[in-house]
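The structure appears right after this line, and notes come after that.
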């Protein structure tokens, strides 16, 4: 019987141990399965090392001081009443004092070790830190000191304070228990030994305070405070540099002297001088560290604040713009209204200005669902993505794309086998043109099940996706449902090679405990070849293999090299960039989309940072789950630091294939952080910043009543300084407290473009008011013609949904385009029924975009010339005809000169002849145009005729340039 009880006890203990380490074991198996075991081992070894080192230090420090206080106890000769009452406690703990000492030291060691283990990132950044090669303007130290070194020094200082305080408390209690300290007994309150012991500990505490004062000097460069209208202002201000900084230095000196006085009690055996010194230090901290800066702020800064603060504001401006990558932002003045009187000449330019995406990816998901879901157990995300794919003509076009992912809510019958063995994956891509609609519905370019269309052949099975949040067991004796068609269900068995093998009974037992599912241990559906897939969303996979990265809120799919790849943008951040103002990622990346879809929110909700780089582009294979990290920002010192800490985890930028490069884009969350900063930091001089006259705000989304910021939009468009459209991310600004437009901002989002990441801002004049998004939407809603049409569309049981309000610069003005969808009662899919367009003071509401543009510009698209061609030269004029022939001959001669040798002298001569010929043609054409204009106006010079002629001249100038 006794043997049985012992056996049961041993088994119970083993069971408890296995339960404790099941999670650890499954984590190791998962990291090994994704080939990132080095991340697991590096992180674990760092945590263990910090736990034991600092736990042992704390335990030894506390234990040593308890032992020393016990050893220095006085002989208990004359027993006072106080000592008699304490004698009961001494006698009670005497038999257990060794065990009690062990328990106390182990307890404080465990707590300290656990706290230190949580600092593994701080340790790795300190030990692997690389220089920024940039120095702060105050102390002239490399930024790496503030980003990597200072956080570790502060941790060490905090640990030293905690250890000293615990040792002081433990020593004081021990001395009191054994008579070294007395409270009510007559005579000396402390023995000489207790006095010396406690004085040394107090001296260490004050010495640490001196170190704290010294580090606080550097901490001023990364200190946050409220200043003017700016929250989280970072860096020194006038009062910091001229009051707090010298105060910290003086207090450091006083603390050092005070610490020496405490150490001197080892010889003097009196606390008189140390107590006086400590009191002086406290008084100095109040007067020098608190009162003096307040006096400086009140009587020196406030009477002339702008002049005093300007140099420090300038440092903050420069550092913030650099830290957030907005220092190269190009701000250009923009009139906001067209000067062209004859708007018909702009019809072609409107088509050339942008590929207007009238299919809103945030509205048409139900249409994808209804038309392309095929089975109830498939689903699409609420917000689809925008990418670029070549059309049938080979030209890239904006495309709305989504994956037909597994949706377990639609499984016909729920049970463990169906949910985890049979329904395991989604199937295929569905894509539609972003610029076209047919019958109010998207024009699909990839459709049906299996998917077919313009994307060619690729692996369509989707085992890893945004909606795949539960585990699946695949590859074993239980077949999976691949997809269904008219011939019935097609079975399959996973061959992707990912996941953790469940052949081993130990692994099965571990996962049964981890997922709280006993059937994993004994189910007959699990056999040879069975593998468990989990951590299946792209964001959580990238976050797991690179826990030092901050993940963008929007992972998006792309067909790359015959595979569906999830593309995930990831950021390196720090909050230790001197003088750069901080921002909270969760707040600055929130908009009307994240308010309704938490999955799009940035992972690090409340991370405060003051430096951010999109340093890593990651991919997750939708079939195999393979995760790849690519170095995108090759200059980022934070990424270089982490690559030293975790070698061979990030591939070089050169490893990015051309096919993948075509689908990389500028990330939304970084853009939203930058636009929030640019509401204040678009100015580059301190004086303007301090006046507050140029502060902007991101407007609320006018298309809904969420009250949240308008989201940025991906759109192929052309800015005034661009020659052709580029895939861009754009947004608008309004002045603080007002609704008119203050500025329009875009960033080149094409990863393979030489201008990738270039931020352009068109700044509207303050002397006039240009309608902002809210005002444009208000005009739409208040227009009687539009209101009556909306009422008819809504009827008795339909809902109106406004799509993305797109803003595009055009000829000095701003063209707004907004699709309008109708969702009927009982009909789940929204249909595009109307398009709103406004330009200048004119608003049109038509069935199609072309019809609305035709009305806005007073001419039909078919009647316009191709964009950029201008007026064709009049070749019936003999002078023009001869000049053009001469120009062609000169051009041909130049080409022959390049081929022969090349002969640069002949080429230069041909170019000179070409310029002369074109000049003759231009002069002859100008004379012909003037004659034509005179014939049309009858020689009148009234304003109307002059305006018209001016418009024609501008048009002809374009033609000359094209010639």
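Results, tabulated for the structure shown:
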| read-out | value |
| --- | --- |
| Boolean, residue 884 is modelled with pLDDT of 85 or more, surrounded by 14 or more Cβ atoms within 10 Å (Cβ to Cβ) and in a helix (DSSP H, G or I) | no |
| Residue 838 being more than 17 Å from residue 362 (Cα to Cα), touching a helix residue (DSSP H, G or I) at 6+ places or on another chain (Cβ under 7 Å), surrounded by fewer than 21 Cβ atoms within 10 Å (Cβ to Cβ) and at pLDDT 80 or above | no |
| Lone qualifier among 767, 785, 823 - being in contact with a strand residue (DSSP E or B) (Cβ under 7 Å, 6 or more places away or on another chain), more than 25 Å from residue 388 (Cβ to Cβ) and surrounded by fewer than 17 Cβ atoms within 10 Å (Cβ to Cβ) | 785 |
| The stretch 494-516 - residue that is under 16 Å from residue 470 (Cα atoms) and free of Cβ contacts under 8 Å to residues at least 60 places away in the same chain and, of those, surrounded by the fewest Cβ atoms within 10 Å (Cβ to Cβ) | 516 |
| Residue list for the stretch 430-440, restricted to those being under 18 Å from residue 355 (Cα atoms) and either without any contact (Cβ under 8 Å) to a residue 40 or more places away in the chain or out of contact with any strand residue (DSSP E or B) (no Cβ under 6 Å at 6 or more places or on another chain) (or both) | 435, 438 |
| Counted residues, the stretch 511-521 - those being out of contact with any strand residue (DSSP E or B) (no Cβ under 9 Å at 6 or more places or on another chain) and farther than 17 Å from residue 34 by Cβ | 7 |
| Tally of residues being under 22 Å from residue 730 (Cβ atoms), part of a helix (DSSP H, G or I) and within 34 Å of the chain's Cα centre (by Cα) across the stretch 317-359 | 5 |
| Single residue of 439, 456 found to be exposed (fewer than 15 other Cβ atoms within 10 Å of the Cβ) and under 16 Å from residue 559 (Cα atoms) | 456 |
| Total residues in the stretch 470-487, condition farther than 12 Å from residue 449 by Cα and part of a loop (DSSP other than H, G, I, E, B) | 8 |
| In the stretch 384-409, residue nearest to residue 661 (Cα to Cα) [restricted to those that are at pLDDT 90 or above and not in a strand (DSSP E or B)] | 384 |
| Filter pass, residue 532 being buried (at least 20 other Cβ atoms within 10 Å of the Cβ) and assigned to a strand (DSSP E or B) | yes |
| Qualifying residue in the stretch 487-494 (condition: out of contact with any strand residue (DSSP E or B) (no Cβ under 9 Å at 6 or more places or on another chain) and at pLDDT below 90) | yes |
| When residues of the stretch 137-149 are limited to those that are under 22 Å from residue 633 (Cα atoms) and touching a residue at least 12 places away in the same chain (Cβ under 8 Å), the one surrounded by the fewest Cβ atoms within 10 Å (Cβ to Cβ) | 145 |
| Among the candidates 286, 254, residue that is surrounded by fewer than 16 Cβ atoms within 10 Å (Cβ to Cβ) and over 30 Å from residue 766 (Cβ atoms) | 286 |
| Strands (runs of 3 or more DSSP E) wholly inside the stretch 650-748 containing at least 1 residues that are without any contact (Cβ under 8 Å) to a residue 24 or more places away in the chain and within 23 Å of the chain's Cα centre (by Cα) | 726-735 |
| Leading residue by the ranking (surrounded by the most Cβ atoms within 10 Å (Cβ to Cβ)) among those in the stretch 473-493 that are under 21 Å from residue 379 (Cα atoms) and either without any contact (Cβ under 8 Å) to a residue 40 or more places away in the chain or outside the structural domain of residue 525 (by TED's automatic domain parsing) (or both) | 492 |
| Residue 235 vs. criteria more than 30 Å from residue 584 (Cα to Cα) and surrounded by 19 or more Cβ atoms within 10 Å (Cβ to Cβ) | no |
| Flag for residue 303 being more than 31 Å from the chain's Cα centre (by Cα), part of a helix (DSSP H, G or I) and surrounded by fewer than 17 Cβ atoms within 10 Å (Cβ to Cβ) | yes |
| Selected residue (only one of 368, 380 is in contact with a strand residue (DSSP E or B) (Cβ under 7 Å, 6 or more places away or on another chain) and closer than 16 Å to residue 831 by Cα) | 368 |
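The values are calculated or read from the model by the stated rules, or taken from the named source; none is laboratory data. All of these numbers come straight from a predicted model, not from anything done at the bench. All Cβ positions, glycine included, derive from the backbone under ideal geometry; neighbour counts span all protein chains shown.
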